[in-house]
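Undergrad: After the structure tokens below, expect a handful of questions from me.
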Amino acid sequence: MKFQTLVKATAIAAAFALGAASMAQAATLHLHNGGDPRSLDPQRVSGNWEDRPVSDYIEGLMTLDAKGGAILGQAASYSVSDDGLVYTFKIRDNAMWSDGEPVVAEDFVLGLQRLEDPKTAAEYAYLQYFIDNAEAINSGEITDLDELGVKAIDDKTVEITLNAPTPYFLQALTHYSAYPVPSHVVAEYGDDWASIDHLVANGPFKPVEWVPGSYIHSVKNDKYYAADTVKLDDVYYYITDDDNAALQRYRAGEIDILSNFASDQYQLLQDQYPGQAHVFPFLGVYYYVINQTKEPFTDVRVRKALSIAINRKVIGPDILGTGELPAYGWVPPGTSNYEGEQYMPAYADETYDERVAEAAKLMEELGYTAENPLTVQLRYNTNENHQRIAVAISAMWEPIHVKVELFNSDVSTHYDALTAGDFEVGRAGWIMDYDDPSNMLDLLKSGTGNNYGRYANAEYDELLAKAANEQDLVKRAGYMHAAEKIAMDEFGVIPIYYYVAKWVISPKVSGFEDNAVDRHLVRYISKSE
Amino acid sequence: MLSYALRRVLSAIPVALIAVTVCFFVLRLAPGGPFDGERALPEEILNNLREYYHMNEPLVMQYLRYIWGLLQFDLGPSMVIKGFTVSQLLAIGLPFTLMLGFTAFVVATAIGIVAGVIAAVQQNKWPDYVLVLAVMLGVIVPNFLMGALLQLFFGVYLKWFPAGGFVYGSISHLVLPVTVLAWPHAARVSRLMRGSMIEVLGSNYIRTAKSKGIGERLVLARHAMKPAMIPVVSYLGPGLSYLLTGSLVVEQIFGLPGIGKYFVQAALNRDYGLVLGTTVFYILLILVLNLIVDMVYAWLDPRVRYH
């Protein structure tokens, strides 16, 4: 046990004994944030509840505006080579860490090197694989970290070389996996640099206290280059997985912003707190995977019957109650770099009765009848909403001669089974890491880890490969649309609905904008008492 | 008595070791691992993670590594809350869990004993009925519902207490969590106390004491109390360990920093290090508590001897 934790433990005990009081002061934002972050080290986190405190204290070369678009962050300007492979960034002269040290190019080089260094064991190392040699370094093929395509030209110039032109590269730089680390602090403390006692901030807020299971407290960083535009003095990120308990605290006036709420509370919020619930679509899909290595799911007719027999229109409004949009295609509407018409299958326009009749006919062709139904095991991870949807879909499949056996398990067991291929139909969800269709479409490439259903189509893979090497955004989008159509026409997966973000925002809070990437930096938020 | 205590403490070590061993292997048998989540990780990244946590080694090696660390009081890293080691997490959460658990324990035991005595003395009169009702509420209503109801009434509607959260040193933030935690315990204590007090009051030596003309109160305090406490005391050990280990729901609802949730959540997350660390700690705690209860038991009932 380290000395500091001992001190902290004693302090907690002493504080209780003494009964000392402390109260929040003006312009303090109270934000409900979800689970306990695993870390505050940007290269070692991977969830949106970690993104929030991390992205408020560390800023990348690019950052986000209130609408979730990429804007210049620590970089004052950038230029791109003609082939789209080399990006050169100039760092702001007044960019500095909260301890007064200037932000230098080496900080960005070190951040990306740590991300790809196998020793860091970063879960999101693959998100920046389009940087030259990133994958080879991360898999251990190259051991010299300096081979990574990120160079410090001088103290204030960073050059990043990509292995293919990547239209979403600037957006990807807003992701925390690409954030800089304070090289002078890392030199002193190593991996421990991001502990609450050592970390320094180059963003608008600096975490000063972290009580696991309870909250993270960040205060305004006066050294931030745009500190004069930051309106809040400090932020509490409350830690609780219990959305209903968080809602009670919101109703008691203790919390200003809820980052989620249980769907069944939507009616209460609309009735008693009109205008405070924000429900908006963002880039993610809730879907069922079909194991295409198992009979009879290898037959496209079975997959088609299962898919078209789902009445998607009732799931968002009636079963969940929060109006999730029905998903007939794979790439969520509103995704960037995706010129062209959204995929919409013919069955989407048919009446539900027509679809059920067609699906039943398909199943009958294969010999399934009411007396001899197909038994399907439907797996989901334990969660009230997943269960409600699974029960509803089981009922929708009954008229097409499918008998469902529901099987639920905790999330680790569930995804372990999906990864191992030990399932027939299983629930899954994907929230896009960055705003580009490739992030969705890559999930159905043959042999990809997240392609749980083992969908495989050589033409599909080829179209994606072409898209990856295409600089012209319109042509690239064309390849990807064609790929999406192939996978959807073959029912390689059953999309069910597009996710909606569910926030509750107190009328005291302004500056919060609903956006499709569902990332909201606290620097744009203000609060009136 | 000292050698008895020492023998008990020493015998705890193999018990703890067996429990850790069972826990270690049972956890590994459970499907899934700490790195299974909403999205599958690429193989090379999984390899990096496994190497980082020595999970690529044979299971026996991992076990020996863990025990070796344990002997040096090193509980290892948490695989899910990477910002802290297991020891750090316990060091931060433990004082709070102990404080919450002991406060609830003291409050609940005191209330339970007093309520039980009153109910016994006033048997089948209205104070008895009222107390039985209050007790039943504590036993019937599950703690997550009780927590939500108290939050709603006292936090949202009446605004007497904060609906949740944790502020260093604030007593008002503890009122609702302690109530939720203490209620079922107080209920069980009072029922035990009532039953045993009724039995003792009907026994011969109490009748003798009364017939000697000793006042009702004195009979209660001097003659009936001590023997009537015996079943209550034997419940206090398990009761306290329940309060200390069962704070999960209360911590979750009120957003408190205790270690109760590590016990359950870490198991669901397959955070091997954290589950084992919490288990080791709870085993030791429960062994010590049981020892203390046995000592108190002997003090209350001279017929119990140490062997």
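Undergrad: A:ASP416 - would you say it is more than 27 Å from A:TYR368 (Cβ to Cβ), part of a helix (DSSP H, G or I) and touching a helix residue (DSSP H, G or I) at 6+ places or on another chain (Cβ under 8 Å)? Spell out how you get there, then give the answer.
TA: Values: more than 27 Å from A:TYR368 (Cβ to Cβ): yes; part of a helix (DSSP H, G or I): yes; touching a helix residue (DSSP H, G or I) at 6+ places or on another chain (Cβ under 8 Å): no.
When the stated conditions are applied, A:ASP416 does not pass them.
Undergrad: Okay, next question. Quick check, is A:GLU459 over 30 Å from A:LYS206 (Cβ atoms) and part of a helix (DSSP H, G or I)? Break it down stepwise before answering.
TA: Working: over 30 Å from A:LYS206 (Cβ atoms): yes; part of a helix (DSSP H, G or I): yes.
Yes.
Undergrad: Kindly list, by first and then second residue, each pair from a residue in the range A:340-360 that is without any contact (Cβ under 8 Å) to a residue 60 or more places away in the chain to a residue that is of a type in the set (S, T, N, Q), limited to pairs with Cβ atoms under 6 Å and residues at least 6 apart or on different chains.
TA: A:TYR352/A:ASN311
Undergrad: Right, another one. Which residue is nearest to A:GLN74 (Cα to Cα), if the candidates are limited to the range A:186-204 and must be assigned to a helix (DSSP H, G or I) and without any contact (Cβ under 8 Å) to a residue 40 or more places away in the chain?
TA: We begin by selecting, within the range A:186-204, every residue assigned to a helix (DSSP H, G or I); these are A:186-194.
Narrowing the set further to residues that are without any contact (Cβ under 8 Å) to a residue 40 or more places away in the chain leaves A:187-190, A:192.
Values: A:ALA187: 21, A:GLU188: 23, A:TYR189: 24, A:GLY190: 23, A:ASP192: 24 Å.
Restricting to residues being assigned to a helix (DSSP H, G or I) and without any contact (Cβ under 8 Å) to a residue 40 or more places away in the chain, the top hit is A:ALA187.
Undergrad: Every residue in the range A:467-477 that is more than 25 Å from the chain's Cα centre (by Cα) and either buried (at least 16 other Cβ atoms within 10 Å of the Cβ) or closer than 30 Å to A:ASN385 by Cα (or both), please.
TA: A:GLU470
Undergrad: Those residues that are of a type in the set (Gly, Ala, Ser) and under 30 Å from the mean Cα position of the chain (by Cα), I need them from the range A:334-368; list them, please.
TA: Of the range A:334-368, the ones of a type in the set (Gly, Ala, Ser) are A:334, A:336, A:340, A:346, A:348, A:357, A:359-360, A:367.
Those that are of a type in the set (Gly, Ala, Ser) and under 30 Å from the mean Cα position of the chain (by Cα): A:GLY334, A:SER336, A:GLY340, A:ALA348.
Undergrad: Kindly indicate which of A:ALA13, A:ALA24, A:ALA17, A:ALA70 is open to solvent by 20 Å² or more (accessible area, probe 1.4 Å), touching a Leu at 6+ places or on another chain (Cβ under 9 Å) and modelled with pLDDT under 85. First the steps, then the outcome.
TA: Numbers: A:ALA24 fails: touching a Leu at 6+ places or on another chain (Cβ under 9 Å); A:ALA17 fails: touching a Leu at 6+ places or on another chain (Cβ under 9 Å); A:ALA70 fails: modelled with pLDDT under 85.
Sole residue among the options that is open to solvent by 20 Å² or more (accessible area, probe 1.4 Å), touching a Leu at 6+ places or on another chain (Cβ under 9 Å) and modelled with pLDDT under 85: A:ALA13.
Undergrad: Taking the criterion of being within 14 Å of another protein chain (Cβ to nearest Cβ) and crowded, with 16+ Cβ neighbours inside 10 Å, would at least one residue in the range A:484-503 satisfy it? Walk me through it before giving the result.
TA: Kept after step one, since they are within 14 Å of another protein chain (Cβ to nearest Cβ), are these residues of the range A:484-503: A:499.
Retained after the next criterion (residues that are crowded, with 16+ Cβ neighbours inside 10 Å): A:499.
Yes, the range A:484-503 contains a residue that is within 14 Å of another protein chain (Cβ to nearest Cβ) and crowded, with 16+ Cβ neighbours inside 10 Å.
Undergrad: Here are some residues: B:PHE263, B:PHE254. Which one is hydrophobic (A, V, I, L, M, F, W, C), more than 21 Å from B:VAL189 (Cα to Cα) and crowded, with 24+ Cβ neighbours inside 10 Å?
TA: Working: B:PHE263 fails: crowded, with 24+ Cβ neighbours inside 10 Å.
Only one candidate passes the filter, namely B:PHE254.
Undergrad: May I ask you to say which residue of B:VAL135, B:VAL117, B:VAL189 is away from chain A (no Cβ under 14 Å), surrounded by fewer than 21 Cβ atoms within 10 Å (Cβ to Cβ), in contact with a helix residue (DSSP H, G or I) (Cβ under 7 Å, 6 or more places away or on another chain) and over 30 Å from A:TYR273 (Cβ atoms)? Talk me through it step by step, then tell me what you get.
TA: Details: B:VAL135 fails: surrounded by fewer than 21 Cβ atoms within 10 Å (Cβ to Cβ); B:VAL189 fails: surrounded by fewer than 21 Cβ atoms within 10 Å (Cβ to Cβ).
Of B:VAL135, B:VAL117, B:VAL189, the one residue that is away from chain A (no Cβ under 14 Å), surrounded by fewer than 21 Cβ atoms within 10 Å (Cβ to Cβ), in contact with a helix residue (DSSP H, G or I) (Cβ under 7 Å, 6 or more places away or on another chain) and over 30 Å from A:TYR273 (Cβ atoms) is B:VAL117.
Undergrad: Does the range B:80-93 hold any residues that are within 7 Å of chain A (Cβ to nearest Cβ) and touching a residue at least 12 places away in the same chain (Cβ under 8 Å), and which are they? Explain how you work it out, then say what you get.
TA: So the first thing to find is which residues in the range B:80-93 are within 7 Å of chain A (Cβ to nearest Cβ), and the list is B:80-84, B:87-89, B:91-93.
Passing the criteria: B:VAL80, B:ILE81, B:SER87, B:LEU89, B:ILE92, B:GLY93.
Undergrad: Test each condition in (1) within 24 Å of A:MET432 (Cα to Cα); (2) open to solvent by 40 Å² or more (accessible area, probe 1.4 Å); (3) aromatic (Phe, Trp, Tyr) for A:TYR129 and report the one that comes out false.
TA: Exception for A:TYR129: condition (2).
Undergrad: Does the range A:431-449 hold any residues that are assigned to a loop (DSSP other than H, G, I, E, B) and free of Cβ contacts under 8 Å to residues at least 40 places away in the same chain, and which are they?
TA: Keep residues of the range A:431-449 that are assigned to a loop (DSSP other than H, G, I, E, B), which gives A:432-436, A:445-449.
Once the filter is applied, which keeps residues that are assigned to a loop (DSSP other than H, G, I, E, B) and free of Cβ contacts under 8 Å to residues at least 40 places away in the same chain, the range A:431-449 yields A:LYS445, A:SER446, A:GLY447, A:THR448, A:GLY449.
Undergrad: Another question, then. Taking the stated definitions as given, is A:PHE108 at pLDDT below 95 and buried (at least 20 other Cβ atoms within 10 Å of the Cβ)?
TA: On the way: at pLDDT below 95: no; buried (at least 20 other Cβ atoms within 10 Å of the Cβ): yes.
It is false that A:PHE108 is at pLDDT below 95 and buried (at least 20 other Cβ atoms within 10 Å of the Cβ).
Undergrad: Residue by residue through the range A:169-178, note down the ones that are part of a loop (DSSP other than H, G, I, E, B) and open to solvent by 10 Å² or more (accessible area, probe 1.4 Å).
TA: First, the residues of the range A:169-178 that are part of a loop (DSSP other than H, G, I, E, B): A:173-175.
Of everything in the range A:169-178, just one residue is part of a loop (DSSP other than H, G, I, E, B) and open to solvent by 10 Å² or more (accessible area, probe 1.4 Å), namely A:HIS175.
Undergrad: Inspect all residues belonging to the range A:205-226 and state whether any of them is part of a loop (DSSP other than H, G, I, E, B), within 12 Å of chain B (Cβ to nearest Cβ) and under 24 Å from A:LYS527 (Cβ atoms).
TA: So the first thing to find is which residues in the range A:205-226 are part of a loop (DSSP other than H, G, I, E, B), and the list is A:212-214, A:221-226.
Now narrow it down to the ones that are within 12 Å of chain B (Cβ to nearest Cβ): A:212-214.
Next, only the ones that are under 24 Å from A:LYS527 (Cβ atoms) stay: A:214.
For the range A:205-226, residues part of a loop (DSSP other than H, G, I, E, B), within 12 Å of chain B (Cβ to nearest Cβ) and under 24 Å from A:LYS527 (Cβ atoms): present.
Undergrad: Return the residue satisfying two criteria in turn: it lies in the range B:67-92 and is aromatic (Phe, Trp, Tyr) and open to solvent by 30 Å² or more (accessible area, probe 1.4 Å), and of such residues it is nearest to A:ASN138 (Cα to Cα).
TA: Our first condition is that a residue be aromatic (Phe, Trp, Tyr); within the range B:67-92, this holds for B:68, B:73, B:84.
This time we only want the ones that are open to solvent by 30 Å² or more (accessible area, probe 1.4 Å), so: B:68, B:73.
Numbers: B:TRP68: 31, B:PHE73: 33 Å.
This residue is B:TRP68.
Undergrad: Another question about this same structure. Can you tell me which of A:THR88, A:THR166, A:THR161, A:THR143 is open to solvent by 30 Å² or more (accessible area, probe 1.4 Å), in a loop (DSSP other than H, G, I, E, B) and among the polar types (S, T, N, Q)?
TA: That would be A:THR143, the only listed residue that is open to solvent by 30 Å² or more (accessible area, probe 1.4 Å), in a loop (DSSP other than H, G, I, E, B) and among the polar types (S, T, N, Q).
Undergrad: Among the residues of the range A:257-290, what is the count of those that are over 23 Å from the mean Cα position of the chain (by Cα), within 14 Å of chain B (Cβ to nearest Cβ) and assigned to a loop (DSSP other than H, G, I, E, B)?
TA: 1
Undergrad: So, one more: For the subset of the range A:495-529 comprising residues that are more than 21 Å from A:GLY69 (Cα to Cα) and outside any strand (DSSP E or B), which member is nearest to the chain's Cα centre (by Cα)?
TA: A:SER506
Undergrad: Something else: Could you please tell me which pairs satisfy a Cβ distance under 8 Å, a separation of 6+ or placement on different chains, a first residue in the range A:406-430 that is more than 11 Å from chain B (Cβ to nearest Cβ), and a second residue that is open to solvent by less than 50 Å² (accessible area, probe 1.4 Å) and acidic (Asp, Glu)?
TA: none
Undergrad: Can you spot a residue in the range A:375-382 that is without any contact (Cβ under 8 Å) to a residue 40 or more places away in the chain, touching a Leu at 6+ places or on another chain (Cβ under 9 Å) and crowded, with 17+ Cβ neighbours inside 10 Å?
TA: no
Undergrad: Has the range A:119-126 got at least one residue that is within 14 Å of chain B (Cβ to nearest Cβ), open to solvent by 30 Å² or more (accessible area, probe 1.4 Å), among the hydroxyl-bearing types (Ser, Thr, Tyr) and not in a loop (DSSP other than H, G, I, E, B)?
TA: yes
Undergrad: Hey, can you tell me all the residues within the range B:249-297 that are within 12 Å of chain A (Cβ to nearest Cβ) and closer than 15 Å to B:PRO95 by Cα?
TA: Scanning the range B:249-297 gives B:GLU251, B:LEU256, B:PRO257, B:GLY258, B:ILE259, B:GLY260, B:LYS261, B:TYR262.
Undergrad: Return yes or no: is A:LYS223 among the basic types (Lys, Arg) and in contact (Cβ under 8 Å) with a residue 60 or more places away in the chain? If you could, list the steps in order and put the result at the bottom.
TA: On the way: among the basic types (Lys, Arg): yes; in contact (Cβ under 8 Å) with a residue 60 or more places away in the chain: yes.
So A:LYS223 passes the test.
Undergrad: Continuing with this model, one more query. Could you say whether any residue in the range A:298-312 is part of a loop (DSSP other than H, G, I, E, B) and touching a Ser or Thr at 6+ places or on another chain (Cβ under 8 Å)? Quick ask: steps written out before the conclusion?
TA: Filtering the range A:298-312 for residues part of a loop (DSSP other than H, G, I, E, B) gives A:298-299, A:309-311.
Okay, now just the ones that are also touching a Ser or Thr at 6+ places or on another chain (Cβ under 8 Å), so none.
So far as the range A:298-312 goes, no, none of its residues is part of a loop (DSSP other than H, G, I, E, B) and touching a Ser or Thr at 6+ places or on another chain (Cβ under 8 Å).
The values are calculated or read from the model by the stated rules, or taken from the named source; none is laboratory data. What you see is a predicted model, and the numbers here were worked out from it, not measured in a lab. Don't worry about glycine lacking a Cβ; one is built from the backbone with ideal geometry, like all the others, and counts go over all protein chains shown. Just so you know, the surface numbers come from the protein's heavy atoms only, side chains and all, with ligands and any DNA or RNA stripped out. Shrake-Rupley method; radii C 1.70, N 1.55, O 1.52, S 1.80 Å.
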